[in-house]
Amino acid sequence: PSPPWCYDDHCDYGPSHWHLLPLSHCGGERQSPINIEKEKAKVDSNLGDFTFTKFDDKHAIKYITNTGHAVKCVLKEDLVEVSGGGLGHVYSVIQFHFHWGSTSDDSKGSEHSVDSKRYPMEMHIVTKRKDLTLDEAVKTPNGLAVLGFFMESDAQNYSPYLQTTSTSSSASNKEYWKKLTDYLPAIQNISESEVSIDDLLGDVSRKSYYRYNGSLTTPKCNEAVVWTVFKESVEVDHNLMMMFPTHAGYSNVFRPTQRLHTRTVFTTSASSSSGSMLP
Ligand code: 1SD
Ligand code: ZN
């Protein structure tokens, strides 16, 4: 078995040593996460709308688990799907999970950043090309597609002094996040849950996003991921968001920013989701 890795360089294999792990790709040149520079993102007209199948299924989660690095919701196989969005293949959702910071600091926790802005949490919906096995997919440049959503604390909006730069969806999802986080204290033995991906995402726009070729953000960092990072963030009740570091038993579970090297980040064309068209 592979030696254990961690996020804080307090074990033998912290992020700066992940590339030394057996069969690791972590030292490659298409690694994730990255900092996305808005000005440098290239508009790609192929980045159309996604089709989300069964994202509203309240019985899609098979179980919820604490992996020691993340809280992961594993879905029933070949049920929930994603296509469109310039992906060129049908992908089935395997699982979704979260990366977070700590209870004392809302300024970090996400893996990606946009113009160096980090968010307190990021949700990853991990999907696999339907025509490949998982073994094949992790060896194929577009074998996996991960959909990343930033979570933003609704507490920010209570302060008249703090202005958020991104638009975020309203907290219409609070009851569902409560449902999910209610599971956290007993996270090791969860089997059923009645919450859908749509419930958690609420009314966040899924039309505006960034696209780039990258990797898994955990060892062995396979360079098999087509990344989608959505521009609009999901607003989550601050106290509920804090349940993750509180109950999981660890904080700051995000990989440091990786170099872009020769890659290009693509973007959907500027859309109506932010900014007013009025004079
Ligand atoms: O961090 C996850 C990891 O937990 C695992 O789920 C992997 C997929 O097998 O994906 C990575 S990530 O790249 O989606 N962060
Ligand atoms: Zn992840």
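Which residue pairs have Cβ atoms closer than 8 Å, lie 6 or more positions apart in sequence or on different chains, and pair a first residue in the stretch 120-132 that is touching a residue at least 12 places away in the same chain (Cβ under 8 Å) and of a type in the set (D, E, K, R) with a second residue that is assigned to a strand (DSSP E or B) and away from ligand 2 (no atom under 14 Å from the Cβ)?
From residues that are touching a residue at least 12 places away in the same chain (Cβ under 8 Å) and of a type in the set (D, E, K, R), the pairs are 128/91; 128/92; 129/91; 130/81; 130/91; 130/92.
Of all residues in the stretch 60-72, how many are part of a loop (DSSP other than H, G, I, E, B) and within 16 Å of ligand 2 (Cβ to nearest atom)?
Of the residues in the stretch 60-72, 4 are part of a loop (DSSP other than H, G, I, E, B) and within 16 Å of ligand 2 (Cβ to nearest atom).
What do you reckon, is residue 108 charged (D, E, K, R) and within 18 Å of residue 150 (Cβ to Cβ)?
yes
Restricting attention to the stretch 73-127, and to residues there that are away from ligand 1 (no atom under 16 Å from the Cβ) and outside any loop (DSSP other than H, G, I, E, B), which single residue is surrounded by the most Cβ atoms within 10 Å (Cβ to Cβ)?
Among them, the one singled out is 114.
Laboratory data are not the source of any read-out in this text; all were calculated from the coordinates shown. Quantities reported herein were computed from a predicted structural model and do not represent experimental measurements. Cβ atoms come from the backbone with ideal geometry, glycine included; neighbour counts cover every protein chain shown.
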